[in-house]
Amino acid sequence: MTNSPLTPGITAGRLPEESYAAQFSDLHPVLDDHEALVAADRCYFCHDAPCMTACPTSIDVPLFIRQIMTGTPEAAAKTIFDQNILGGMCARVCPTETLCEEVCVREIAEGKPVEIGRLQRYATDALMAKGVHPYTRAEATGKTVAVVGAGPAGLAAAHRLAMKGHDVVIFDARPKSGGLNEYGIASYKAPEGYAQKEVDWLMQIGGITVETGKKLGDGLTLEGLKADYDAVFLAIGLAGVNALRAEGEETDGVLDAVEFISELRQAEDLSKLPVGRNVVVIGGGMTAVDAAVQAKLLGAQNVSMVYRRGRASMSASEYEQELAASKGVQIFYNAAPVAVYGEGAVEEVEFEYTSEEGGSLKGTGETFRLPADQLFKAIGQTLDGAPEGIEITGGKIAVDAVGRTSIAGVWAGGDCASGGEDLTVTAVSEGRDAAEDIHAKLMEG
């Protein structure tokens with residue numbers, strides 16, 4: 001091995017080649033049958049089920065856990081998939097610690113919730129391993145729907161519409177379906193090509209065609225889709241990247257964290273993926289954690305996350321923050337980037353300490369610098385490529401409770417639409433609900 005974590009600059013092969021598989025192995029291995037029964041036995045099957053209320057897709061958690069206890073995990077999976085067709089991925093990537101598990105009665109009483117996420121994975125994996133699809137299409141309606149975007153919202157909408165008997169065509173700019181599930185989350189959360197396996201399984205419903213390499217504004221127009229299809233669902237995500245607003249931002253080595261994650265997810269040989277010796281990630285969300293942790297797993301010697309506000313304000317959950325720390329990532333709170341320095345490429349980043357007064361953020365005047373070969377921006381994404389004439393609110397496509405936009409016959413959901421949090425499970429919920437409304441509209445008269 002010629003390189004190591006101590007090798008200066010940005011380089012590949014910092015670790016022994018055989019160690020990469022272990023570094024990026026499954027973060028939470030699936031429960032075995034006995035472990036699942038023990039975990040399920042802790043559920044109180046609450047009649048008011050706060051866990052179900054906390055789930056954006058309203059999965060009947062007590063029911064599916066009871067089905068696991070009775071030895072029928074496939075039935076449990078069907079209960080999950082009825083509400084969330086991407087329940088397998090959500091079991092892996094959902095911040096359950098701030099959703100269903102946070103409100104679990106066991107968590108409140110004992111500080112240890114029922115492991116709902118791991119039980120959900122146990123059930124969904126059991127059914128998908130059978131190689132069968134639990135849903136069949138209704139009689140063909142003769143109606144066609146265009147879905148723009150093959151991420152969680154688009155896939156959920158397409159599946160529900162296909163199940164209702166409509167013919168669906170999904171258009172996506174990237175070579176593969178899956179959206180952020182395929183390109184934007186840490187590889188250790190969904191290893192072994194799980195995102196594509198889930199897409200393939202979902203497509204078994206039939207009636208869905210996918211056309212890749214196509215996006216709005218590049219050979220695809222909303223006017224054309226409206227003319228060719230009975231309805232349109234926009235699930236285009238957020239392709240733009242927020243500016244750092246720091247001097248020297250254009251310096252080489254300043255990169256988008258999502259692009260870094262995407263490159264890592266698509267890499268066939270992680271030992272050939274270059275990473276800096278000193279890596280700095282700016283941001284406080286799950287993307288920042290994913291980028292920081294994976295940089296460390298690739299062999300970076302020093303990895304720092306820097307967030308402009310305090311720990312309690314971070315959108316990354318406490319669990320995610322602790323995961324980063326456990327992997328050796330140093331987290332700096334209350335610090336905002338001021339300038340990027342380097343001759344030709346980034347060498348240092350200067351930050352100013354911040355304080356919050358009355359909800360507003362102010363600089364204290366005190367600064368510090370961190371060495372950096374690579375600087376990743378994980379400070380949020382912006383809407384890019386929205387069709388002209390559609391109403392935008394708060395930087396996203398304006399929609400009502402069921403996803404209708406300001407243009408008749410056009411719905412939207414997922415990260416590109418106004419409304420809920422930018423989570424996989426929320427996107428699935430919005431895609432599903434929009435599909436139900438599209439179906440009702442198409443079947444009128």
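Which is touching a residue at least 40 places away in the same chain (Cβ under 8 Å), of a type in the set (Lys, Arg) and open to solvent by 50 Å² or more (accessible area, probe 1.4 Å), of Lys197, Lys189?
None of the others qualify; the one that does is Lys197.
Take the residues of the range 326-368 that are touching a helix residue (DSSP H, G or I) at 6+ places or on another chain (Cβ under 7 Å) and not hydrophobic (A, V, I, L, M, F, W, C): which is surrounded by the fewest Cβ atoms within 10 Å (Cβ to Cβ)?
Gly328
So, of the residues in the range 390-400 that are without any contact (Cβ under 8 Å) to a residue 24 or more places away in the chain and open to solvent by 70 Å² or more (accessible area, probe 1.4 Å), which turns out to be nearest to Ser355 (Cα to Cα)?
Ile392
Looking only at the range 87-114, filter to residues that are within 16 Å of Leu323 (Cβ to Cβ) and of a type in the set (Asp, Glu); which one of those is least open to solvent (accessible area, probe 1.4 Å)?
Among those that are within 16 Å of Leu323 (Cβ to Cβ) and of a type in the set (Asp, Glu), it is Glu101.
What are the pairs, 6+ residues apart or on separate chains, where a residue within the range 264-277 that is touching a residue at least 40 places away in the same chain (Cβ under 8 Å) and within 13 Å of Glu17 (Cα to Cα) has its Cβ under 6 Å from a residue that is β-branched (Val, Ile, Thr) and outside any strand (DSSP E or B)?
Once the first residue is touching a residue at least 40 places away in the same chain (Cβ under 8 Å) and within 13 Å of Glu17 (Cα to Cα) and sits in the range 264-277, no partner that is β-branched (Val, Ile, Thr) and outside any strand (DSSP E or B) comes close enough.
Take Gly431 and tell me if it is part of a loop (DSSP other than H, G, I, E, B), of a type outside the set (Val, Ile, Thr) and over 24 Å from Ala243 (Cβ atoms).
no
Modelled with pLDDT of 95 or more, open to solvent by 50 Å² or more (accessible area, probe 1.4 Å) and under 24 Å from Tyr135 (Cα atoms), is that true of Asp228?
Criteria not met by Asp228.
If you take the residues in the range 420-445 that are under 17 Å from the mean Cα position of the chain (by Cα) and among the acidic types (Asp, Glu), which one is surrounded by the most Cβ atoms within 10 Å (Cβ to Cβ)?
Only one residue fits best here, namely Glu430.
Do you know which residues across the range 369-380 are out of contact with any helix residue (DSSP H, G or I) (no Cβ under 7 Å at 6 or more places or on another chain) and either part of a strand (DSSP E or B) or buried (at least 18 other Cβ atoms within 10 Å of the Cβ) (or both)?
Once the filter is applied, which keeps residues that are out of contact with any helix residue (DSSP H, G or I) (no Cβ under 7 Å at 6 or more places or on another chain) and either part of a strand (DSSP E or B) or buried (at least 18 other Cβ atoms within 10 Å of the Cβ) (or both), the range 369-380 yields Arg369, Leu370, Pro371, Ala372, Asp373, Gln374, Leu375, Ile379.
For the range 402-416, check the following and say yes or no: at least one residue is within 30 Å of Asp218 (Cα to Cα), under 20 Å from the mean Cα position of the chain (by Cα), surrounded by fewer than 19 Cβ atoms within 10 Å (Cβ to Cβ) and not polar (S, T, N, Q).
no
Quick one: how many residues across the range 115-143 are basic (Lys, Arg) and either in contact with a Leu (Cβ under 9 Å, 6 or more places away or on another chain) or buried (at least 17 other Cβ atoms within 10 Å of the Cβ) (or both)?
Number satisfying all stated conditions: 3.
Restricting the range 8-22 to residues that are open to solvent by less than 70 Å² (accessible area, probe 1.4 Å) and touching a helix residue (DSSP H, G or I) at 6+ places or on another chain (Cβ under 6 Å), which is farthest from Pro371 (Cα to Cα)?
The qualifying residue farthest from Pro371 (Cα to Cα) is Tyr20.
If I go through the range 23-64 residue by residue, how many of them are over 29 Å from Gly193 (Cβ atoms), part of a helix (DSSP H, G or I) and open to solvent by less than 50 Å² (accessible area, probe 1.4 Å)?
4
Residue check: is Leu222 of a type in the set (A, V, I, L, M) and open to solvent by 30 Å² or more (accessible area, probe 1.4 Å)?
Taking the combined requirement at face value, the residue does not satisfy it.
The values are calculated or read from the model by the stated rules, or taken from the named source; none is laboratory data. Everything quoted here is computed from the prediction, not taken from an experiment. Cβ coordinates were reconstructed from backbone atoms using ideal geometry, including for glycine residues, and neighbour counts include every protein chain displayed. Calculation scope for accessible area: heavy atoms of the full protein, side chains included, ligands and nucleic acids excluded. Shrake-Rupley method; radii C 1.70, N 1.55, O 1.52, S 1.80 Å.
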